[in-house]
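Contents: one structure, followed by commentary.
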Amino acid sequence: MIRIITAYGAGLLFGLGLVVSQMISPAKVLAFLDVAGNWDPSLAVVLFASVFVAAVGYPIVLKGKAPLFDEKFRLPEKQDIDRKLLTGAGIFGIGWGLSGYCPGPALTAISLAEPKTGLFLLAMAAGWGGTRLITGQR
């Protein structure tokens, strides 16, 4: 039960961070991505803060034998850069650049009840389903 409560709390904190940083606003994100036009650098603070927290936090946390509420760390085993990784990153970037949403902020933006958020989430689900169908994953 403590794992569920902890995961829920982490999700709430993440969602709150997205709202406070305005990452759930597609217009704000698209202005940040528009480096050749009317660029809004304010989301760079979000980027640098998250990189800083990860750079400081990961070494501290990984010094332990296991996370607080699990028996072991579950880190990615595969670390090579391959065609699938690059293709997925490219598709993600194109989708983010066209819509102004990535998955976390889109789920948080459901609370705004905008039709384009729902359309994005449907497209995202279709992409996941299509990928599983093509690759044969369950």
**Request:** Might you let me know whether region 89-102 holds any residue that is hydroxyl-bearing (Ser, Thr, Tyr), without any contact (Cβ under 8 Å) to a residue 24 or more places away in the chain and part of a helix (DSSP H, G or I)?
**Result:** no
**Message:** So, in region 108-138, how many residues would count as being touching a residue at least 60 places away in the same chain (Cβ under 8 Å) and crowded, with 17+ Cβ neighbours inside 10 Å?
**Reply:** 2
**Item:** Leading residue by the ranking (farthest from Gly127 (Cα to Cα)) among those in region 47-92 that are in contact with a helix residue (DSSP H, G or I) (Cβ under 8 Å, 6 or more places away or on another chain) and not aromatic (Phe, Trp, Tyr)
**Value:** Leu68
**Prompt:** Going by the structure shown, is Tyr58 of a type in the set (Ser, Thr, Tyr) and part of a helix (DSSP H, G or I)?
**Reply:** yes
**Message:** Restricting to region 15-27, count the residues that are surrounded by fewer than 18 Cβ atoms within 10 Å (Cβ to Cβ) and without any contact (Cβ under 8 Å) to a residue 60 or more places away in the chain.
**Reply:** 4
**Prompt:** Got at least one residue in region 77-88 being farther than 30 Å from Gln137 by Cβ and outside any helix (DSSP H, G or I)?
**Reply:** no
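Each value in this text was obtained by applying a stated rule to the coordinates, not by laboratory testing. Please read these numbers as outputs of a predicted model, since none were measured by experiment. Positions of Cβ are backbone-derived with ideal geometry, glycine not excepted, and every protein chain shown enters the neighbour counts.
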